[in-house]
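**Student:** Could you have a look at this structure, given as structure tokens, before my questions?
The values are calculated or read from the model by the stated rules, or taken from the named source; none is laboratory data. Since the model is a prediction, treat every value here as computed from it, not as a measurement. Cβ coordinates were reconstructed from backbone atoms using ideal geometry, including for glycine residues, and neighbour counts include every protein chain displayed.
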Amino acid sequence: MSGRAALLLGIALLATPLAARQTIGVYKGWGAFRDPDRCYAIAQPVLANGRPGGFATVATWPARRLRASFHLHLSAARDRAAPVTLAIGERRFPLVGTDRDVWAPDGATDHALVMAMRSGRSMSVSAVDPRRRPFADTYALAGAAAAIDAATLACVG
């Protein structure tokens, strides 16, 4: 297993109890997994200025009737009064959420940003921390489309 694959598996271990998770595959920097409630693609940022713990997921939740739903866990806590923005190429998407977990504000934005991920080279989420210092987490998108597709098919098949 490559170092990147081991890292992705490590992230997934944090997200779900070991006995419940099934590895679907690893696609460049993205992994695809299945657990009893959902199937998801997941990756860690390639650049987070040494801050561990951030990850991005695109999940399908059959019982909730959600397909390709975006979620991002920031590598640092953010000031909830300040905006958080996801950039993919020239496109900018506002995100909402808690101090560490963010997502699209509505279904249309969710769909648009996941579609942009499919053709983008990288994405970067920017915010400011509670002390008003800006930070960003950057993700490579190579393999994202394949991981998203594999996770989606695992939950609808």
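**Student:** Taking segment 1-41 as the search range and keeping residues that are more than 24 Å from P62 (Cα to Cα) and assigned to a loop (DSSP other than H, G, I, E, B), which one is modelled with the lowest pLDDT?
**Tutor:** Per the stated criteria, the residue is M1.
**Student:** Another question, if that's okay. Within segment 132-157, how many residues turn out to be basic (K, R) and free of Cβ contacts under 8 Å to residues at least 40 places away in the same chain?
**Tutor:** Residues in segment 132-157 being basic (K, R) and free of Cβ contacts under 8 Å to residues at least 40 places away in the same chain: 1 in total.
**Student:** In addition: Given the options T109, T85, T98, T60, name the one that is surrounded by fewer than 19 Cβ atoms within 10 Å (Cβ to Cβ), in contact with a Lys or Arg (Cβ under 6 Å, 6 or more places away or on another chain) and hydroxyl-bearing (S, T, Y).
**Tutor:** T85
**Student:** How many residues does segment 45-57 contain that are buried (at least 17 other Cβ atoms within 10 Å of the Cβ) and free of Cβ contacts under 8 Å to residues at least 60 places away in the same chain?
**Tutor:** 2
**Student:** For a quick check of your reading: which strands (runs of 3 or more DSSP E) sit entirely within segment 42-157 and have at least 2 residues that are at pLDDT 95 or above, touching a helix residue (DSSP H, G or I) at 6+ places or on another chain (Cβ under 8 Å) and over 18 Å from G29 (Cα atoms)?
**Tutor:** Fully inside segment 42-157 and qualifying: 91-97.
**Student:** State yes or no: is R78 on the phi < 0 side of the Ramachandran plot and exposed (fewer than 15 other Cβ atoms within 10 Å of the Cβ)?
**Tutor:** Considered against the rule, which asks whether it is on the phi < 0 side of the Ramachandran plot and exposed (fewer than 15 other Cβ atoms within 10 Å of the Cβ), R78 comes out as no.
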